[in-house]
Amino acid sequence: MSKVLLKVEGLKKYFPIRKGVLNKQVGYVKAVDDVSFEVFEGETLGIVGESGCGKSTTGRLLMRLLEPTEGKVEFAGQQISELSKDEMRKARRDIQMIFQDPYASLNPRHSIGKILEEPLIVHGMGSAKERKQKVLELLEIVGLNEYHINRYPHQFSGGQRQRIGIARALMTNPRLIIADEPVSALDVSIQSQVLNLLQELQKDLKLTYIFISHDLGVVRHISNRVGVMYLGKLVELTASEDLYAEPLHPYTQALLASVPVPDPTFEREQIIISGDIPSASNPPSGCAFHPRCPFKKEQCSQVVPKMQEVKPGHYVACHLYEATQH
Ligand code: SF4
């Protein structure tokens, strides 16, 4: 078993809801509510769920782009949550992020050369000559050319811009990359090119990924293990093949039922969930999924199910996971 690179314990992010002229706090949106997991060195952990489930907020909390309300994040033996601003800036060399919309995250007034050099300048890495060398090296690694160095973001296609986003994330030789919906804005044919590039880079550079997506098909393609989030909570976490072969949580089963399978002889039991995702400012009592769950029993609306390891490495938060098997 590989070493644990990142350990998240009891992570919470509650955003206050304020109302009225006095801006009085009237409640919270529990965007991330008591999430715990580990990421092993060299793996890809996929985090999947519908929009608003807290997956992107989780990614931002790990980078401390947002401050957690509660909980611990340990990276390579260091408590990220306790670092000063300066120490956190240094730690960001090792943890980088790739965003969904590369265009929004690339400064339109800067050339690609300048955009790629910037992280090195921020972290005081290398001389001007070494930085230029590194920029050229990374352009080549992500499949772009030397002559692209003086061009501007608007001169590139969506797929090329995401390659630039990836190159920028790699400039500081990070160990962990948090990719937040990195291919969602791209055409399907370009998506697989970018996913293949990410996989090659992982192998060559021994990277660890957290891959956040609403698309189970994409997550399946790239992840070793997958965590499923629903309304701020992790509800299932296991090896990718286990999740797809034997999903235990009714929400995972419903998500999978909507993913097309390449084998026409394979039939998955259809779990239909009704209703919309409830609001995180007023989550249902007990199991937050109970208003939509076809298996619910009385206890489901009263007791919050705890995440438990029900098979080696397979965690699920459901009171009735045994009864949900077909
Ligand atoms: Fe459904 Fe109950 Fe399991 Fe929640 S705890 S997913 S309501 S069976």
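The values are calculated or read from the model by the stated rules, or taken from the named source; none is laboratory data. The structure displayed is predicted, hence computed values, not measured ones. Positions of Cβ are generated from backbone atoms using ideal geometry, with glycine treated the same way; all protein chains shown enter the neighbour counts. Quick note on the areas: whole protein, heavy atoms, side chains included, nothing else; ligands and nucleic acids left out. Shrake-Rupley method; radii C 1.70, N 1.55, O 1.52, S 1.80 Å.
Averaged across orientations, what area in nm² does the convex hull of the alpha carbons in the chain project? Spell out each step's value before the answer.
Numbers: hull surface 77.0 nm².
Approximately 19.3 nm², given one-decimal rounding.
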Checklist outcome for this item: The long-range amide H neighbours of Y230, using H built 1.01 Å from N in the peptide plane and a cut-off of under 5 Å, are V235
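For region 111-238, what is Rg from Cα atoms divided by 2.2 N^0.38 Å, rounded to two decimals? If you can, show how the numbers build up before the last one.
Numbers: Rg = 15.8 Å, N = 128, 2.2 N^0.38 = 13.9 Å.
Scaled against compact globular proteins, the figure is 1.14.
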Checklist outcome for this item: Neighbours of I17 by Cβ distance under 11 Å: Lys/Arg at +1, Asp/Glu at -1, summed charge +4
Item to check | Positive dipole terminus of the chain, leading residue within T58, Q302, A254 (C-beta point charges) | outcome: T58
Checklist entry - Taking all protein chains as present, what is the carbon and sulfur share of the accessible area of the chain, in % to the nearest whole number, probe 1.4 Å? => result 49
Item to check | Total formal charge among the other residues, if their Cβ is under 11 angstrom from that of V304, Lys/Arg +1 and Asp/Glu -1 | outcome: 0
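What accessible area per residue comes out for region 1-139, rounded to a whole number of Å², with a 1.4 Å probe?
Values: 7310 Å² over 139 residues.
Result: 53 Å² per residue.
Quick one: grab the alpha carbon gyration tensor of region 109-153, order the square roots of its eigenvalues as a ≥ b ≥ c, and give me rounded if a/c is under 1.5, else prolate or oblate depending on whether a/b is larger than b/c.
Numbers: a/c = 2.09, a/b = 1.33, b/c = 1.57.
Since a/c reaches 1.5 but b/c is at least a/b, the shape of region 109-153 is classed as oblate.
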Checklist entry - Over what distance in Å are the Cα centres of region 9-61 and region 192-234 separated? => result 19
Checklist entry - Amide H of I17: which non-local residues (sequence gap of 5 or more, or other chain) have their own amide H closer than 5 Å, using H built in the peptide plane? => result V26, G27, Y28, V29
Item to check | Calculated from backbone phi, Karplus (6.51, -1.76, 1.60) coupling profile of region 104-116 in Hz, x at Gly/Pro | outcome: 5, 9, 10, 5, x, 8, 9, 6, 4, x, 5, 4, 6
Item to check | Extreme residue, positive dipole direction of region 1-128, given options P68, L120, I95 (C-beta unit charges) | outcome: P68
Checklist entry - Hey, what do the phi angles of region 228-244 turn into as Karplus ³J(HN,Hα) couplings, whole Hz, using 6.51/-1.76/1.60 and θ = phi - 60°, x for Gly and Pro? => result 9, 10, 9, 6, x, 10, 7, 10, 7, 8, 6, 4, 3, 5, 5, 4, 7
Checklist entry - What are the ³J(HN,Hα) values, in whole Hz, obtained from phi via the Karplus relation 6.51 cos²θ - 1.76 cosθ + 1.60 with θ = phi - 60°, for each residue of region 174-184 in sequence order, with x given for Gly and Pro? => result x, 9, 10, 10, 9, 9, 9, 6, x, 10, 5
Checklist entry - Which distance in Å, rounded to a whole number, links the C-alpha centroids of region 101-125 and region 284-326? => result 45
Checklist entry - Between D276 and L65, 0.36 nm times their residue separation minus their Cα-Cα distance comes to what? => result 73.1 nm
Checklist entry - Using +1 on the beta carbon of Lys and Arg, -1 on that of Asp and Glu, and nothing else charged, what's the dipole of region 155-312 about the Cα centre, debye to 20? => result 480
Checklist entry - For S51, what is the net charge nearby, where nearby means another residue's Cβ is under 14 Å from its Cβ and Lys, Arg count +1, Asp, Glu -1? => result -4
Item to check | the chain: relative contact order in percent, alpha carbon pairs under 8 Å with at least 6 residues between | outcome: 19
Item to check | Amide H partners (placed H, <5 Å) of I47, local residues excluded | outcome: F211, I212, S213, G227
Checklist entry - Along the charge dipole of the chain, which of N23, A169, S285 sits closest to the positive end, that is, farthest toward it, with unit charges on the beta carbon of Lys, Arg, Asp and Glu (+1, +1, -1, -1)? => result N23
Item to check | Simple Cβ-charge dipole of the chain, Lys/Arg +1 and Asp/Glu -1, about Cα centre, in debye nearest 20 | outcome: 1260
Item to check | Length released on extending from A323 to Q308, taking residue separation times 0.36 nm less the Cα-Cα span | outcome: 3.8 nm
